[in-house]
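J.: My questions all concern the structure below.
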Amino acid sequence: MAWAAHIEGFRGPLQVEQFEGEQSNPTYRLTTSGGSCFVLRRKPQGKLLPSAHAVDREFAITRALHATGFPVARPRLLCDDERVIGTPFFVTDYIEGRVIWEQSLPELSKEVRASIWREMCRLIAALHKTDYRAIERETFGKPGNYCERQIGRWSKQYRASETERIQAMDNLIEWLRRNIAPQTSGGIVQCDFWLDNIIFHPTKPEILAVLDWELSTLGDPLADFAYHCLSWHVPPGHFRGIAGLDIAALGLPTEQEHVARYCQLTGRGGIDSAHWDFAYNLFRIAAILQGIMKRVIEGTAASAQALDAGRRAKPMAEIGWKYVEDITRRRS
């Protein structure tokens, strides 16, 4: 096998198993004849939206962060030759550990739940403190005008994948354009720092790897952190949030406690633009879900759960617009 020349321990024949739940870039576990495991992540087949599914960018930031000791899977190989498997792809080491889907952590004790949320806060703070210049990522994105550029980008992506008229989405786009928050600073943003994109140690509340870097870029860390904090604003039935749950009984931190810990770790005095950032991230999630629905219709969706995910675009947009209406009402 030609790959064996590039990856130590890579010997065929291979056992290939697709991971469930991945809605964007199909991802597979590769088990070699010798028992070594690797992960292959590729672009989906078919016509794709511009700038979407950028496995080359994902590989580049993973390699840069791995060199600093930040917990990501060790990158092994990037291949942009579509003749190999039909689409560009990259290979990383396989990380043995836990992926936890429910943010309320129902199977764990109160003490462990609190520790896991503290660990997530520690890691996203560490990411936002990483100097992108020191790891030679100056060309990874444009650190300035992040919010304005993101609204433009995701509005175009949403329109290109629109399958029905969603009034709440139209309202969100217009409101966000008229109320763009000032950017605080430029840094590396992961853009999908969510519980199920993290591999934890099998028995300890320790993060072994942060996954899914395809949306990462240079931008506003506070917008990135606000996305992470949407957990407290989205009900369990929508994007697996924790809104409405008994936080104290579960042993989870309150949003205020989580924000205070992040500010302490990053040296910030506070967060002023949270209202805009929350509305923006709810809009962005709805745009992503709409893109999944478009791929379902076109037959290029990456997972069997894609239809359910795509159907959540409208409810997520409606949650976002209701949030805007509520904060507008409170301010008037």
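The values are calculated or read from the model by the stated rules, or taken from the named source; none is laboratory data. Predicted, not measured: the structure shown is a model, and the values here were computed from it. Cβ: placed from backbone, ideal geometry, glycine included. Neighbour counts: every protein chain shown.
J.: Does at least one position in region 83-97 carry a residue that is surrounded by fewer than 18 Cβ atoms within 10 Å (Cβ to Cβ), farther than 30 Å from residue 232 by Cα, in contact with a strand residue (DSSP E or B) (Cβ under 8 Å, 6 or more places away or on another chain) and hydrophobic (A, V, I, L, M, F, W, C)?
T.: yes
J.: Has region 219-232 got at least one residue that is in contact with a helix residue (DSSP H, G or I) (Cβ under 6 Å, 6 or more places away or on another chain), assigned by TED's automatic domain parsing to the domain that holds residue 272, charged (D, E, K, R) and not in a loop (DSSP other than H, G, I, E, B)?
T.: Checked region 219-232: no residue is in contact with a helix residue (DSSP H, G or I) (Cβ under 6 Å, 6 or more places away or on another chain), assigned by TED's automatic domain parsing to the domain that holds residue 272, charged (D, E, K, R) and not in a loop (DSSP other than H, G, I, E, B).
J.: Among the residues that make up region 201-213, is at least one of them out of contact with any Leu (no Cβ under 8 Å at 6 or more places or on another chain) and basic (Lys, Arg)?
T.: The answer is yes; a qualifying residue exists.
J.: Now for a separate question. Can you pull out every residue in region 77-110 that is among the basic types (Lys, Arg) and out of contact with any Ser or Thr (no Cβ under 9 Å at 6 or more places or on another chain)?
T.: If the condition is that a residue be among the basic types (Lys, Arg) and out of contact with any Ser or Thr (no Cβ under 9 Å at 6 or more places or on another chain), then 83, 110 are the ones that fit.
J.: Determine if region 128-151 includes at least one residue that is surrounded by 17 or more Cβ atoms within 10 Å (Cβ to Cβ) and under 30 Å from residue 250 (Cα atoms).
T.: There is at least one residue in region 128-151 that is surrounded by 17 or more Cβ atoms within 10 Å (Cβ to Cβ) and under 30 Å from residue 250 (Cα atoms).
J.: Among the residues of region 258-271, which ones are in contact with a helix residue (DSSP H, G or I) (Cβ under 9 Å, 6 or more places away or on another chain) and not hydrophobic (A, V, I, L, M, F, W, C)?
T.: Correct list: 258, 261, 262, 264, 266, 268, 269, 270.
J.: Mind checking which residues of region 101-127 are at pLDDT below 95, under 18 Å from the mean Cα position of the chain (by Cα) and surrounded by fewer than 17 Cβ atoms within 10 Å (Cβ to Cβ)?
T.: Result: 101, 102.
J.: Here's another thing I want to ask about it. When you check residue 239 against the structure, is it in a loop (DSSP other than H, G, I, E, B) and touching a helix residue (DSSP H, G or I) at 6+ places or on another chain (Cβ under 9 Å), yes or no?
T.: yes
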